Amino acid sequence: MERYGVGYLEERKLVKRWPQPMPAIVALVLTLAVFYVTWWIFQDSRGWMRMYTPYVGYMYTRWWLIMLIWMVYIFNYWPFKRSWLENSHPLYKGAILTAISVGILVILIKGFFEGLLGNLGLAYFNPGRLLELPGVTEFFAIEYAALACLMFAAIASWLSPAWVVACEEAPWQNMSQPAKGISILVMTFFLSTMIYFMTMHSHMGILYYPWQYFTSIAPPYWERFADTVSGNFHVSWIMCATVTVWIVETIWERFPFKLIKTTWLRRVTAFFGIIAIAWALHFFLYFAQELTWGQAIRGTRRDFAPDWRWLHVGEMAVFFLVPALFITFYCGNWPKRFSLPTNVLVRTLITAVAAILLYYFYYATSHYFLGTQKGFSHPQQFPMIPTIWLINIWLAHHWFMDNWPGWKMVPKTADEIAADHAEEEARLAEVRWNPTLGWGLGVGAVCGVVIYFIILAVLPWAYESITIIH
Amino acid sequence: MSENKSTINRREFFKGAAMGALGGSVLAMGVYSYSPWRKAQFSPVKRKMADIGACKYVKITNISETSWFNNADLMNDIKGAGGLLVDQYLYNWPPFGDGTGLGKGSYEKGIAKIKHLLPNDVDEAWDITEKLSVHPENAGGYACLIEMEEMNGKQHKYLLDSGWSYKWTHECFKREGIDEMLKNREIEALFISHEHFDHYWGIPVTFKYDPNIPVYIPDTFYPEGLQYLKDSGHTGEVIKVKPGLKPIVPGFATYVFAIPIICRVYGEQSMYFNIKDRGLVSVTGCCHQSIIQFAETAYQEIKYENDELYGVYGGLHVSPFEDWDPKYDDLVLSLGKYDFKKIGCNHCTGIVCAKKFAAAGYPIVKGTARYRSKEDVYLGNGDRIGFGIDV
């Protein structure tokens with residue numbers, strides 16, 4: 001029976017053509033070159049298509065990410081056969097699969113959101129409908145519609161991978177493609193729609209004058225808690241959830257949830273555990289801004305506005321995702337020499353340091369080469385666009401092109417696959433409860449809390465000592 | 001054997017410690033970071049209470065608040081050129097039109113067509129640029145005349161901004177008698193709030209009548225903006241105001257905010273007037289920093305009468321393109337707690353916002369909707385407002 005790409009990512013062996021770090025450097029240089037050329041073509045305000053308006057470019061960037069996830073994680077490369085995936089040249093495969101992802105993207109945006117939903121359901125998904133409102137210009141009609149699609153995308157980009165990573169495709173994991181993909185797609189799209197209505201629809205409802213009291217909850221229920229009526233409050237934690245899903249999937253190797261042996265409990269804990277970690281990150285990154293810039297002031301704009309601070313939480317979170325993916329895709333999830341929890345901790349620390357450096361680098365220099373403007377809170381400053389654009393290129397490179405040219409894809413033999421499974425079992429068996437581990441756990445937990453408070457104490461001083469934007 | 005056991009124990013301990021450290025830090029982040037306890041980490045605001053003196057009154061004449069006349073044309077230009085990040089000198093808007101079309105212009109090519117006519121022949125320069133630019137008929141501009149009196153009776157006149165279209169600015173200057181005031185050297189200085197086209201590009205009209213007038217600009221101007229001062233025929237002093245407070249005369253100070261603004265502009269200069277027995281009045285060009293940030297900055301930086309925020313005049317930059325966003329509602333919902341007594345907003349505040357302010361019961365001063373101002377919901381072209389004086 002044809003397996004398409006089921007298990008393809010786990011069952012492929014990426015063989016380095018040269019010793020490290022050469023393949024990683026080649027991959028980085030190559031993908032950055034592709035990033036910059038495509039950025040200039042599609043996004044840059046000085047370039048060709050100038051989609052960074054910003055919402056149009058952002059919306060396509062975000063949905064393209066989801067298209068890649070759908071194709072690989074949900075549909076397992078269906079309808080492409082396993083032999084085609086294993087035998088096609090990475091360039092050819094990459095071109096075909098990327099073109100298809102873009103094709104589906106355009107059909108989804110133009111056909112489903114603007115055409116179907118925008119004409120038969122919610123007018124604000126269709127720029128043409130919005131133009132009928134008195135006083136709305138074409139520019140903002142397009143921006144508002146793109147914003148609505150974008151907010152939907154934020155939710156879908158969390159739930160689509162979460163159903164695979166946390167819920168392990170249940171209950172359709174044994175179904176063949178495309179039935180499995182369609183089932184998961186329908187489920188995650190349904191959940192995304194529900195969460196969209198509960199988190200983002202009210203934002204759109206008060207976007208128009210007067211407030212649309214009879215079609216959305218206005219003012220939104222989160223107003224007092226979040227200190228804003230803006231839906232950015234939800235964008236923030238949902239973005240954190242997206243980042244957490246991928247951190248759990250990559251540098252955490254689904255730890256700690258995979259230690260839970262009971263299947264249903266593992267899946268439920270993973271799904272809600274990811275949300276819990278995301279909320280912790282969501283609160284912490286907001287607090288970090290309060291400690292460095294001062295408390296937010298409701299009603300103001302830019303870097304003191306609560307709505308922008310929440311948005312910036314999401315922006316800060318995505319800086320963590322970039323190094324995490326790089327470590328997994330191009331550094332073989334280094335290090336692997338320690339126990340699973342220690343490896344996870346070391347990778348997390350490396351990711352955190354790299355994220356801080358990337359944050360610094362982005363705000364200090366990006367206005368020189370991305371066509372953006374310097375400053376943290378410029379209304380058109382959306383670091384999520386270039387970072388997710390780069391991530392998309394990495395996903396296409398890693399999933400569609402097998403890291404070519406630094407690596408060569410060789411299918412694993414049955415023995416190698418069995419050895420992988422045995423190794424994984426052994427690694428999990430190694431993490432077992434014993435008194436020494438319990439002592440370590442307790443001491444580590446105390447250390448974690450102490451480190452947290454040390455970070456709180458250091459943050460204001462560190463920010464005062466460093467000038468990011470000159 | 002015992003060495004082996006100790007290695008295993010150490011490994012087990014670190015394994016647990018690694019898990020504990022991750023769990024403990026995540027737990028602390030989740031429990032403490034947004035809790036009421038976190039507020040213990042914030043130090044109370046230390047008010048600097050800088051003394052800028054006090055003045056008797058300030059009176060403002062709205063020379064022009066209509067920066068452009070057709071929102072759709074402006075936004076279509078912005079959309080066509082690539083959005084709100086595009087450098088304003090590239091749009092091919094007047095007076096820097098070079099005939100190459102939308103989004104293909106440059107300061108150098110544009111100014112070369114008219115430089116020889118500046119500042120004396122601004123009408124002729126506009127005739128030339130009209131033929132080379134995108135939507136020249138849409139250009140208006142923002143400018144206002146500020147009159148104030150010190151406690152010792154000394155009176156001052158200043159200009160805040162100088163519009164955009166030479167033609168429109170010239171017409172407005174004549175309507176309000178600004179041309180004669182400049183010619184007679186009654187106006188002491190031109191303050192430029194920021195480098196945006198609609199506030200700054202009309203400077204040759206001011207220099208036509210007084211090329212020697214001192215000009216205060218934020219020190220965050222881009223090279224093209226600095227060069228334009230020279231190319232416009234300005235011969236007077238240029239004072240580049242650094243971010244922060246700059247006292248001008250007793251009762252009057254400006255404040256530069258280092259903030260990024262759309263169309264590649266950076267920094268905005270706004271004004272504080274401390275009116276005797278009334279309180280603080282804020283006068284702004286666009287107030288990109290937001291009126292609440294402006295008020296909070298005043299609270300932290302300066303001492304003012306009765307510790308009260310008394311009034312506001314100018315653009316409040318809420319919905320300049322009549323767009324909307326829920327974050328603007330945060331402003332509408334929050335402005336009340338600052339208890340301004342008199343709000344003379346216009347320009348980039350946006351008509352929808354002014355209506356929402358009025359509906360919320362804020363003391364918005366209505367206008368007369370003359371000289372192409374669209375509605376009387378806020379102060380329009382030719383309207384006046386006084387703080388500490390009736391007009």
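Observations on the model:
- When the residues B:Asp277, B:Asp161 are ordered by accessible surface, computed with a 1.4 Å probe over the protein chains alone, the sequence from largest down reads B:Asp277, B:Asp161.
- DSSP bridge analysis restricted to the protein assembly as shown gives an antiparallel fraction near 65%, rounded to the nearest 5.
- Calculated FRET value between B:Phe42 and B:Lys242, using beta carbons and R₀ = 35 Å, to 0.05: 0.80
- Full-extension gain in nm, A:Ile260 to A:Arg427, via 0.36 nm per residue minus C-alpha separation: 58.8 nm
- Calculated accessible area for the protein assembly as shown comes out at 38 Å² per residue, all protein chains present (probe 1.4 Å; ligands, DNA, RNA ignored).
- For segment A:149-304: span of alpha carbons on each principal axis (Å, largest first): 51, 38, 21
- With every protein chain in place and a 1.4 angstrom probe, the accessible-area ranking of A:Arg82, A:Arg309, largest first, reads A:Arg82, A:Arg309.
- Percentage, to the nearest whole number, of Cα pairs in segment A:12-432 over 27 Å apart: 53 percent
- For the pair A and B, the buried accessible area comes to roughly 6500 Å² in total, with a 1.4 Å probe and the value rounded to the nearest 100.
- Take A:Asp415: with every protein chain present and a 1.4 Å probe, its accessible area is about 120 Å².
- Ranking of B:Glu176, A:Glu424 by solvent-accessible surface, largest first: A:Glu424, B:Glu176 (1.4 Å probe, protein heavy atoms only, all chains present).
- Put the Cα centre of segment A:428-461 next to the Cα centre of segment B:336-350 and the gap is 51 Å.
- Taken along the Cα-to-beta-carbon direction at a fixed 7 Å, the label points for B:Thr235 and B:Val31 span 7.4 nm.
- Taking a ≥ b ≥ c as the square roots of the Cα gyration tensor eigenvalues, chain B comes out prolate, since a/c reaches at least 1.5 and a/b is larger than b/c.
- Heavy-atom accessible area for A:Met71, with the other protein chains in place and a 1.4 Å probe, reaches approximately 20 Å².
- For segment B:273-314 versus segment B:361-383, the gap between their alpha-carbon centres in whole angstrom: 21 Å
- Computed FRET value (nearest 0.05) for A:Phe272 with B:Gln300, which takes r as the C-beta separation and R₀ as 45 Å: 0.60
- Solvent-accessible area, 1.4 Å probe, carbon plus sulfur percent, for segment B:50-387: 47 percent
- Global geometry of segment B:228-329, whether rounded, prolate or oblate, following the gyration tensor of its Cα atoms and the 1.5 cut on a/c: oblate
- Carbon/sulfur fraction of accessible area - segment A:101-214, other protein chains in place, 1.4 Å, %: 72 percent
- Applying 1/(1 + (r/R0)^6) with r as the Cβ-Cβ distance of A:Ser465 and A:Glu86 and R0 = 60 angstrom yields a FRET efficiency of 0.70.
- Cα pair distances exceeding 11 angstrom across segment A:193-240, given as percent: 64 percent
- Across chain A, the relative contact order, built from alpha-carbon pairs under 8 Å that are at least six residues apart, equals 22 percent.
- All alpha carbon pair distances within the protein assembly as shown were sorted into 10 Å bins beginning at 0; the resulting P(r) in whole percents reads 2, 12, 21, 22, 18, 12, 8, 4, 1, 0, 0.
- In the assembled protein chains, A:Phe35 presents an accessible area of approximately 20 Å² (probe radius 1.4 Å).
- Placing a label point 7 Å from the Cα of A:Thr413 along the Cα-to-Cβ direction, the residues of segment A:4-30 whose backbone N falls under 15 Å from that point are A:13.
The values are calculated or read from the model by the stated rules, or taken from the named source; none is laboratory data. Values in this document were obtained by computation on a predicted structure and should not be read as measured data. So basically every Cβ, Gly included, is an ideal-geometry build from the backbone, and we count neighbours across all protein chains shown. Side chains included, ligands, DNA and RNA excluded: accessible areas come from the protein's heavy atoms. Shrake-Rupley method; radii C 1.70, N 1.55, O 1.52, S 1.80 Å.
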